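Notes follow the structure.
The values are calculated or read from the model by the stated rules, or taken from the named source; none is laboratory data. All figures in this text were calculated on a predicted structure; none of them were measured in a lab. Heads up, the Cβs are rebuilt from the backbone with ideal geometry, glycines too, and the neighbour counts pull from every protein chain shown.
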Amino acid sequence: MPLGTAKRHPVAAGLVLLGGIATAGWVAESRLDPAEWYPPEPPAMEGLLASGDELVGADTVLTCEGPEDVAFDAEDCVYTGTEDGRIIRTVDPVTPETTDADTETFALTRGRPLGMTFDGEDLLVCAEDAGLISVDPDGEVTILSDSAGGRKIAFADDLYVADDGTVYFTDATEHVIFQDELFELEDTGRLLAYHPDSGETTVELTGLGFANGVCPHADGESVLVTETSRYRVTRYWFDGDSEGDERTFTENLVGYPDNIEVAGDGTYWVAIPSLRDEFLDGLHEHPWVKRQLGKLPTAVLEQVSGDPYGLVLRLDEMGTVVESLHDPEGGVYGVTSATPKPDHDALYLGSLFGESVTRYSLE
């Protein structure tokens, strides 16, 4: 889940914030207690990051409001979530040539479906305001976990099922709106683990800057977790000699990282829904200004967004960018997931703020 990517220029977003601060006054109580941060200069959009047109004209597989992530069942039907809390699926299996597929409602959740994956016949889903849920083949929803460590799971975001059945999933922030986490930078995100044998949910890692995507590392002993607000990916060991350790896998990314997926060749696909913006980066150096933002109605911060831009990065085993896929025209924009489908030789792209699931051919 990224910084909002509705089609508003970042300079315009800055004017909205400054105008809001002027009208809010200085006496209202702020809901933010911002940290001071001096972000590094973002890498130049050149070389392997140079803007191209790889994603321009990507096929529209299905249309709906806000499909954050996708999952394929055994029959190759595509499942995704919608802004109104539904999980939908394609009526028919999806092929590498499928476009504009018909869909049907599969289940209704008590939140907004975000990351999802199949565990056998059951679909496991992270849902904002609901937690970690399981949906059986008949669409029956069961809440597996809605609290951990004495705290409600407010923003269950993405998940990974380990070989032993443990479900590692992220709780992005404790804030009501995710923009507050991005501005405050108090790093309230967590990595959690649901243990199906006991039904217990443990807190594995805290202090994450908007904990978002999660996927396994190739070593089988650790996971990679994207930290959206800090422009980085953290590696956490859940097993082996380094169990409990954490280490930065990559940092100073060119945009806000969202979901991360195993590419299958020792590399990883990272969805980048929005490029970083100089104005917003600069705000982090002035916590007193950000504190004033916390006096504004949440609807004001929800308007803040970047230029519509499509971007997916591929990282190698060391966390180095080795490929980038772009749509500078914004036809494909706000990409929040890039799910590889090896037998289709394609990436299926979700977008929390967009209106379609698209497909990019890797051929």
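Within this structure, residue 90 fails the test of being in contact (Cβ under 8 Å) with a residue 40 or more places away in the chain, more than 20 Å from residue 179 (Cα to Cα), touching a strand residue (DSSP E or B) at 6+ places or on another chain (Cβ under 8 Å) and of a type in the set (S, T, N, Q).
If I go through region 155-189 residue by residue, how many of them are in a loop (DSSP other than H, G, I, E, B) and either under 14 Å from the mean Cα position of the chain (by Cα) or modelled with pLDDT under 90 (or both)? Step through it out loud before you land on a result.
Of region 155-189, the ones in a loop (DSSP other than H, G, I, E, B) are 155, 162-166, 172-177, 185-188.
Now narrow it down to the ones that are either under 14 Å from the mean Cα position of the chain (by Cα) or modelled with pLDDT under 90 (or both): 155, 172-173, 175-177.
Summing the residues that are in a loop (DSSP other than H, G, I, E, B) and either under 14 Å from the mean Cα position of the chain (by Cα) or modelled with pLDDT under 90 (or both) in region 155-189 gives 6.
Answer with yes or no whether residue 129 is surrounded by fewer than 21 Cβ atoms within 10 Å (Cβ to Cβ), at negative phi, of a type outside the set (Lys, Arg) and free of Cβ contacts under 8 Å to residues at least 40 places away in the same chain. Step through it out loud before you land on a result.
Values: surrounded by fewer than 21 Cβ atoms within 10 Å (Cβ to Cβ): yes; at negative phi: no; of a type outside the set (Lys, Arg): yes; free of Cβ contacts under 8 Å to residues at least 40 places away in the same chain: yes.
No: the conditions fail for residue 129.
Annotation: residue 291 fulfils all but one of (1) charged (D, E, K, R); (2) touching a Pro at 6+ places or on another chain (Cβ under 9 Å); (3) more than 17 Å from residue 181 (Cβ to Cβ); the unmet one is (3). Any residue at all in region 273-294 that is of a type in the set (Gly, Ala, Ser), modelled with pLDDT under 95 and farther than 22 Å from residue 50 by Cα? Among the residues of region 273-294, at least one is of a type in the set (Gly, Ala, Ser), modelled with pLDDT under 95 and farther than 22 Å from residue 50 by Cα, which makes the answer yes. With the structure loaded, tell me whether residue 115 is outside any loop (DSSP other than H, G, I, E, B) and under 30 Å from residue 323 (Cβ atoms) or whether it fails that test. It is true that residue 115 is outside any loop (DSSP other than H, G, I, E, B) and under 30 Å from residue 323 (Cβ atoms). From the list 76, 158, the lone residue that is of a type in the set (D, E, K, R) and buried (at least 23 other Cβ atoms within 10 Å of the Cβ) is 158. Evaluated against (1) closer than 19 Å to residue 337 by Cβ; (2) surrounded by fewer than 18 Cβ atoms within 10 Å (Cβ to Cβ); (3) touching a residue at least 40 places away in the same chain (Cβ under 8 Å), residue 176 falls short on exactly one condition, (1).
Being touching a Cys at 6+ places or on another chain (Cβ under 8 Å), modelled with pLDDT of 95 or more, of a type outside the set (D, E, K, R) and assigned to a strand (DSSP E or B), is that true of even one residue in region 135-153? No, region 135-153 contains no residue that is touching a Cys at 6+ places or on another chain (Cβ under 8 Å), modelled with pLDDT of 95 or more, of a type outside the set (D, E, K, R) and assigned to a strand (DSSP E or B).
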